[in-house]
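Bear in mind these aren't lab numbers, they're just calculated from the coordinates by the rules spelled out. Here the structure is a predicted model, which means the values were calculated and not measured. Counting neighbours? That spans all protein chains shown, and the Cβs are built from the backbone with ideal geometry, glycine included.
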Amino acid sequence: MNVTKSNDLDSQQALQRHFGFDTFLPGQQDVIEHLLAGHSTAAVFPTGGGKSLCYQLPAQMLPGLTLVVSPLIALMKDQIDQLKARGIAAERLDSTLSVERYREIVAAVRNGDLRLLYVAPERFNNERFRGSLSRLRISLFAVDEAHCISEWGHNFRPDYLKLAGYAERYGAERVLALTATATPRVLDDICRGFQIDSEHAVCTGFHRPNLELRASAVAGSERDRELERRLGERPPGPTIVYVTLQRTAETVADRLAAVGLPARAYHAGMKDDKRSEVQDWFLTSDQAIVVATIAFGMGIDKSNIRYVYHYSLAKSLENLSQEIGRAGRDGAPAVCESLVCPEDLPVLRNFAYGDTPAHAAVEGLMQELAATPDPFDVSYYELANRHDIRVLVIRTLLTYLELQGFLEAGTPTYGSYRFRPLFTSMEILGNFQGERRDFLARLFRQAKKARTWFDIDLESTSRALSAPRARLVGALDYLAEQQMMELQAGGLRHNYRWLRRIDDVEAVVAELHARTIEHEVRENERLDRVLQLAALDGCQTASLCEYFGETLNEPCGHCGWCLDGGKAVDLLPAAEIAIDDALWSEACILRVEKPEILGDARAFSRFLTGLKSPRISRAKLSAHPLFGALAQIPFTIVLEQAQTEAPAV
């Protein structure tokens, strides 16, 4: 391992020179010094605690590339803009880039002109990207949102389980794992996954003395008025109002604007330019109110947010901590209040059931896989559509098979490429001679022209030309690099080989389906913890800190329980809503008409509670009037009735 030695003076000087700061925030210098000494390190800082500096500063001090892996494209863009404003070269590779811009960035990395590069975890599915990594010196492999590696985390992502392997495969000299929301159990998973010694895990604590944490019980019919009252009574200041659904963001923002409040909506369903406009407006205003889904706030560099309201309940303590952590980063007082409405609970709980496939669906998937040859390749989207299992769940189930030693994943490949020549074929071929010219001519003849683009199937072309797939990809890449054509890859295929065959399919199906049910249970437990915190007869801040492994020796003095004289919040009971008999009868008729889509009890229940699946989406049933008709009924009640009243075969 190549190690750059440093000392306190070096990092202090670099901090001042590159960022203009005189002092580090708590924990930053410890993390940076561990990294400069060559140690892989974990950093668990609260939201706004300065995690990004822990890789941005070493990137200026280490000799090779700092590769930052983050699932948050908005965060990448914001950080890169801020770094460039400081004169620090940084770029990102993502699907929004033009072919020309992509080539420029890759060339800058190869030439050593760019030492800080951001990518999403999915970028490792790109074989061209993975090929380029093998030729680079990676001094630091930084993984943001590292809690995603843990099944016990609130946002488990199968791709994260493979990041440690990529870091090792491409010779990363040190790893930095960063998160704002790791319980002790999740931190253990992070350290074990990335081979980080416990003495190199830096946790700064979650207690924010300037945050007033509150919860209020409100009825659905009164919630809008209660929100308006709070916004009117409290001094104006930058405010985020968090909601669950995109349409709720729009309606709440419209209501607030109608009474004269400076409110605008923000959600992932808006066009990019509109989202950017709202974000820029919020950043430059001292009174703006953004009504947003959780898509808003990640990577936002605004220190004076005075209020965070949860119009819809946060789905976990991890989410709550992350979202309230965006308030009061300047150290001044800020209010964070949850409006706990019983009408929200069925919808929030039902979300936990959307990913759970039917037992028969898991069985069909495993039987198909068990019958495949060795090695084999699959399309996650094709498997999802065939078995009515969401793509994320397909990926997760295959990852479980890897972890259990059945499968080993290979390099993902693209089944097809499309290219648009920038010159005529004769002009391109004129740059080559002999066998290379003949090879390219035969390659071009395999392509099928559409309007301006040519499609080429790599597998059939490989057979026709008796040439390895790698040579085909290499030739097309070279022509693109030489700006003779534009190149796009498609038909992503994931390659696997069997380490041991599935002998007992039934047992594997039972185990995997049980794990998906466990996920349901965990997600509901997370919501229960949020409700328990809201109604806690005790210091709420101390309880939240304890969940993340930090102990307060006395009540905080600034949460609702402390400020209201030790009075707990009495939550309102959820109203019991019966399933309408006429609606159920109508739905059962549709179930008989669409047995291949709605015949399974789980699939039928998902449809009625408004949870999409691949088959429901493909059949356009999400536009049917009955889709989501029972969204206010607990999924378990709908499922029980669907199981007891199964249609006759």
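Here are some notes:
- Cα-based convex hull volume of the stretch 203-247 per residue, rounded to whole Å³: 155 Å³
- Whether the chain is rounded, prolate or oblate, judged on the alpha carbon gyration tensor where a/c under 1.5 counts as rounded: oblate
- Ranked by the mean number of other Cβ atoms within 10 Å per residue, highest first, peptides 102-108, 433-439 order as 102-108, 433-439.
- Contact order normalised by residue count of the stretch 8-203, Cα under 8 Å, 6+ apart, percent: 30 percent
- Taking the Cα centre of the chain as reference, the dipole from Cβ charges on Lys and Arg (+1) and Asp and Glu (-1) amounts to some 2460 debye.
- Over the stretch 177-262, all Cα pairs binned in 10 Å intervals from 0 give whole-percent P(r) values of 12, 31, 20, 21, 15, 2, listed from short to long.
- Cβ-based exposure ranking for E363, E546, in which fewest neighbours within 10 Å come first: E546, E363
- For the pair S221 and D273, label points projected 7 Å from Cα toward Cβ lie 4.4 nm apart.
- Overall, the stretch 413-497 carries a charge dipole of about 300 debye about its Cα centre when +1 sits on the Cβ of Lys and Arg and -1 on the Cβ of Asp and Glu, all other atoms neutral.
- The stretch 389-537: C-alpha pair distances exceeding 21 Å, %: 61 percent
- Projected label distance in nm at A575 and T452, using a 7 Å step from Cα toward the beta-carbon: 5.6 nm
- Summing Lys and Arg as +1 and Asp and Glu as -1 over all other residues whose Cβ lies under 10 Å from the Cβ of S139 gives a net charge of +2.
- With 10 Å bins from 0: P(r) over the stretch 581-644, alpha-carbon pairs, percent: 24, 65, 11
- At 1.002 mPa s and 20 °C, Stokes diffusion of the stretch 467-561 via Kirkwood alpha-carbon radius, µm² per second: 107 µm²/s
- Reciprocal mean inverse distance between Cα atoms of the stretch 555-617 - Kirkwood radius, Å: 15.5 Å
- At R0 = 41 Å, FRET efficiency that the Cβ-Cβ distance of E104 and A370 yields, to 0.05: 0.35
- Approximate spin-label separation V521-L583, in nm, with each point projected 7 Å along Cα-to-Cβ: 3.1 nm
- Burial ordering of V252, V391, fewest other beta-carbon atoms within 10 Å first: V391, V252
- Q488-A85 FRET efficiency (beta carbon distance; Förster radius 35 Å; 0.05 resolution): 0.60
- Only helices enter the 222 nm calculation for the chain: every DSSP H run of n ≥ 4 contributes -39,500 (n - 2.57), and dividing by all residues gives -13000 deg cm²/dmol, rounded to 500.
- Separation of alpha-carbon centers, the stretch 421-436 and the stretch 379-397, rounded to whole Å: 41 Å
- Relative to its Kirkwood radius, the Cα radius of gyration of the stretch 413-497 gives an Rg/Rh of 0.95.
- Volume per residue of the C-alpha convex hull in the stretch 1-143, rounded to whole Å³: 114 Å³
- Dipole magnitude (debye, nearest 20) for the stretch 581-644, charges at Cβ of Lys, Arg, Asp, Glu: 360 debye
- Per-selection Kirkwood Rh - the stretch 313-368 (Cα, Å, 1 d.p.): 14.7 Å
- For W453, W561, the sequence from fewest to most other C-beta atoms within 10 Å is W453, W561.
- Spatial separation of Cα centroids for the stretch 169-206 and the stretch 608-649, in angstrom: 41 Å
- Restricting attention to the chain, close to 30% of DSSP beta bridges with both partner residues there are antiparallel.
- Per residue, the convex hull around the alpha carbon atoms of the stretch 63-137 comes to 87 Å³.
- Both the radius of gyration and Dmax for the stretch 357-438 are 20.0, 59 Å, in that order, over alpha-carbon atoms.
- The stretch 282-361: relative contact order in percent, alpha carbon pairs under 8 Å with at least 6 residues between: 29 percent
- Contact order relative to length of the chain, as percent, for alpha carbon pairs under 8 angstrom and 6 or more apart: 13 percent
- Total formal charge among the other residues, if their Cβ is under 13 angstrom from that of E435, Lys/Arg +1 and Asp/Glu -1: +3
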